[in-house]
2 protein chains.
Amino acid sequence: MNNPKLPAFPPALRPHASRLTYSAGKMIFRAGSATRWVYYLVSGCVRLIRRGRAGEEIVLHQARAGDFFAEASIDSARYHCDALAMEAATVLRVSALDLTNLIEADPEFARQWISLLGQQLRAVRTRVERLSLKSASERIRHFLLSGAPGAAGYVKVNGTLKDLARDLGITHETLYRTLAGMERSGQIERQGDGFRLL
Amino acid sequence: MNNPKLPAFPPALRPHASRLTYSAGKMIFRAGSATRWVYYLVSGCVRLIRRGRAGEEIVLHQARAGDFFAEASIDSARYHCDALAMEAATVLRVSALDLTNLIEADPEFARQWISLLGQQLRAVRTRVERLSLKSASERIRHFLLSGAPGAAGYVKVNGTLKDLARDLGITHETLYRTLAGMERSGQIERQGDGFRLL
DNA sequence: CGTCGCATTGATATCGCTCAAATCCGGTGG
DNA sequence: CCACCGGATTTGAGCGATATCAATGCGACG
């Protein structure tokens, strides 16, 4: 049922957290509003979104069960993007004040929190690396390599291929075409809702 | 709150830091080697680089005077990229162990360090947002908007335009052409080694 | 069933990449 | 002081990969 690797909600934060639910399509916070809360996603899917000049969505981050989000905002006065529940979502919400207090009061928690931010930073840098690749097939290959937990080379795709296309910074048509081509030429293999790099 | 515009080396770290210099072209650390140190760049320019399959450089991060680098690596066993001094560079080097000890011993420093990581995270997310834009002119506009300190709309370009092109994820030829076109159509204005968005 | 969104494939246009060449500019050595 | 050199800058021509527009099938869900 739950991912065994699901990162736990830090016990030290539990007394300060309140549980909330949002139905699909609900806005959790908006860009420009004051950063009063940090969130942990218990279940569902939340996207952090900015809008381009033409109104198109830019997905800065997609949080899934076990992820914190808005965690980098605590020392910024205002949120810099919208948070939108894609599916019905359950979150644990902690006030930024409680969090900073806990950081100063509990050195072990501070260390954990720094570790968490470091992981996020490395993950986003990996995405920068991916978006720096020019061809669609290279981005797909990079996604399969960096998403693969070591050995097998099998990567399960969460959500739709359309979402994956957006994450890779290409259109869904190009993703379909390139995947089909890579499969034809024997570079990858489809398996259920995932892929294997050969 | 404590968001100093001028990045300073935290006084609490000074007793643990050693000063080193690297000449242009020198490798400071390599991907895969153990993460023993965290660096602060006093002067010069350092790039964090990974290499694509064709051997092309992917610049994950470009550190300038006042930036920390490898700061996200302290809870990872190995560096995940190369660090290369582009110009002669002077750094302050702190061992990962001293840093974690200080984090646990000094709550005020822990808070500052978390603030620093948050800034880095927001900066990298901004770069992701930029790389998600499809057209060169949109990326340039985004760069000028997000790089501009508030009011004036004037952004000074550090380094060469070639470097900027790499940062924007386009070739330098395209950058030159697009800049010229945007200037012709009155969208931007060149001023010395910078640009103004109109 | 009808509808809606994802998946897939086709046709075409376009933007940016590649290769190429000319100029500029700062530094270096004679 | 000047000739030279390397790298940045700039512009040109052509091509190819990807975006865009379009149409169809398919499965889920009410």
*B:R19 to B:A65: extension gain in nm, 0.36 nm per residue of separation minus the Cα-Cα distance?*
15.2 nm
*Could you work out how far apart the two model spin labels at B:E189 and B:K162 are, taking each label as a point 7 Å from the Cα in the direction of the beta carbon, and quote it in nm?*
3.0 nm
*Among the listed pairs A:K134/A:K156; A:K26/A:K162; A:K26/B:K156; A:K26/A:K156; B:K26/B:K162, give every one whose C-alpha distance is greater than 32 Å.*
A:K26/B:K156
*Span from the the stretch B:87-122 Cα centroid across to the the stretch A:50-126 one, whole angstrom*: 20 Å
*Residues with amide H under 5 Å of A:I28's amide H, sequence separation 5 or more or different chain, H placed in the peptide plane at 1.01 Å from N; which?*
A:A83, A:L84, A:A85
_Distribution of pairwise C-alpha distances over the protein assembly as shown, 10 Å bins, in %_ = 4, 20, 31, 29, 14, 2
*Estimate the FRET efficiency between A:Y176 and A:Q112 by the formula 1/(1 + (r/R0)^6), using the beta-carbon distance for r and 41 Å for R0, to the nearest 0.05.*
0.50
*Sites B:E138 and A:A31 - FRET efficiency at Förster radius 22 Å, r taken between beta-carbons, to 0.05*: 0.75
*Only Cα pairs under 8 Å and at least 6 apart count here; give the relative contact order of chain B as a rounded whole percent.*
20 percent
*Compute the semi-axes of the equivalent ellipsoid of the stretch A:11-124, taking the square root of 5 times each eigenvalue of the Cα gyration tensor, and list them largest first in whole Å.*
24, 16, 13
*Calculate, for B:S95 and A:L198, the FRET efficiency according to 1/(1 + (r/R0)^6) with r their C-beta to C-beta distance and R0 45 Å; round to the nearest 0.05.*
0.60
_Could you compute the net charge surrounding A:D75? Neighbours are other residues with a C-beta less than 12 Å from the C-beta of A:D75; K and R count +1, D and E count -1._
+2
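None of the figures in this text is laboratory data; all of them are computed from the coordinates on show. This is a predicted model, so every value here is computed, not measured. Neighbour counts run over all protein chains shown; Cβ positions are idealised from the backbone, glycine included.
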